[in-house]
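The values are calculated or read from the model by the stated rules, or taken from the named source; none is laboratory data. Please read all numbers here as calculations on a predicted model, not as lab measurements. All Cβ positions, glycine included, derive from the backbone under ideal geometry; neighbour counts span all protein chains shown. For the accessible areas, the whole protein counts, side chains as well, though only heavy atoms, and no ligand, DNA or RNA atoms are used. Shrake-Rupley method; radii C 1.70, N 1.55, O 1.52, S 1.80 Å.
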Amino acid sequence: MRIVSAQELESWLTSGKVLEKDMRGPKVVALENGLFLKIFYTRRHPILARLQPAAKRFAKNIARLDQFAVPAPKLCEQFWLGDNCMVSACTYRPLPGESVEQLYRRQPEQAYLLLPELAAFIRRLHQKGIYFRSLHLGNIIVLPKGGFGLIDILDMQFKGRALNSWQIRRNFQHLGHYLHRHRLEQFPLDELQRQYTISP
């Protein structure tokens, strides 16, 4: 992976729009050319950070999802930020559409109508052995032509077999915690789980 200089990064941050950040700095930036810049801060040991950069794991997950025909962002480039090769990053073409969370906040009745389809999508992920710990309303995209895709997919495991009952229950618990943290307790999680149990 090439090394992006501080000057090049500053140019991106100055001309782009920061979409997500935390106390460490910008995490997702919309660039002028339509691509998104994603920065992966890490707390891993320096050796592991260099040997297993988060940008490469992100790219690998995109490739695996493509094999399962699950829509995800299109990767463009992976690189290091700075000479110490501690922070990796990438650019990608974002999925079109809006998140389920955005739809629910804007038009809750429309989101409710999508529950059977959303439940079936989650069930297909679980049947394919995809354990996405960060599976929540902000990371599931409603595509313009129908169906769903996934974003922010670093925190993902491919089990090689359908998820067991504990993993499924745990995944929905994470979703419940997300709803609570984001003050979305009115989202019909119970109905989503009911639809999940009757999905083909």
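Would you point out which residue out of Lys128, Lys145 is open to solvent by 20 Å² or more (accessible area, probe 1.4 Å), of a type in the set (Lys, Arg) and at pLDDT 95 or above? Outline the logic, then answer.
Working: Lys145 fails: at pLDDT 95 or above.
Of Lys128, Lys145, the one residue that is open to solvent by 20 Å² or more (accessible area, probe 1.4 Å), of a type in the set (Lys, Arg) and at pLDDT 95 or above is Lys128.
Of all residues being within 24 Å of Leu65 (Cβ to Cβ) and open to solvent by 40 Å² or more (accessible area, probe 1.4 Å) in segment 183-200, which is modelled with the lowest pLDDT? Just the residue, please. Per the criteria, the residue is Pro200.
Based on this model, can you work out whether Phe132 counts as among the aromatic types (Phe, Trp, Tyr) and out of contact with any helix residue (DSSP H, G or I) (no Cβ under 8 Å at 6 or more places or on another chain)? Considered against the rule, which asks whether it is among the aromatic types (Phe, Trp, Tyr) and out of contact with any helix residue (DSSP H, G or I) (no Cβ under 8 Å at 6 or more places or on another chain), Phe132 comes out as no.
Among the criteria (1) farther than 16 Å from Val70 by Cβ; (2) out of contact with any Phe, Trp or Tyr (no Cβ under 6 Å at 6 or more places or on another chain); (3) of a type outside the set (D, E, K, R); (4) not in a loop (DSSP other than H, G, I, E, B), the one Leu179 does not fulfil is (2).
I'm trying to understand the selection: among the residues of segment 1-15, which are open to solvent by 20 Å² or more (accessible area, probe 1.4 Å) and not acidic (Asp, Glu)? Before the answer, list the steps.
From segment 1-15, those open to solvent by 20 Å² or more (accessible area, probe 1.4 Å) are 1-3, 5-15; that's our starting set.
Within segment 1-15, Met1, Arg2, Ile3, Ser5, Ala6, Gln7, Leu9, Ser11, Trp12, Leu13, Thr14, Ser15 meet the criteria.
Screening Asn164, Asn139 for residues that are out of contact with any helix residue (DSSP H, G or I) (no Cβ under 8 Å at 6 or more places or on another chain) and either at pLDDT below 95 or open to solvent by less than 60 Å² (accessible area, probe 1.4 Å) (or both) leaves exactly one candidate, Asn139.
Might you let me know whether segment 13-25 holds any residue that is touching a Pro at 6+ places or on another chain (Cβ under 7 Å) and not in a strand (DSSP E or B)? Scanning segment 13-25 turns up at least one residue that is touching a Pro at 6+ places or on another chain (Cβ under 7 Å) and not in a strand (DSSP E or B). Applying the criterion of being assigned to a strand (DSSP E or B) and open to solvent by 20 Å² or more (accessible area, probe 1.4 Å) to the residues of segment 93-125, the residue that is nearest to Leu143 (Cα to Cα) is Glu98.
Taken over segment 191-200, residues that are charged (D, E, K, R) and either under 22 Å from Gln102 (Cβ atoms) or assigned to a loop (DSSP other than H, G, I, E, B) (or both) amount to 1. Number of residues in segment 61-83 that are hydrophobic (A, V, I, L, M, F, W, C), touching a residue at least 24 places away in the same chain (Cβ under 8 Å), closer than 16 Å to Phe132 by Cα and not in a helix (DSSP H, G or I): the value is 3.
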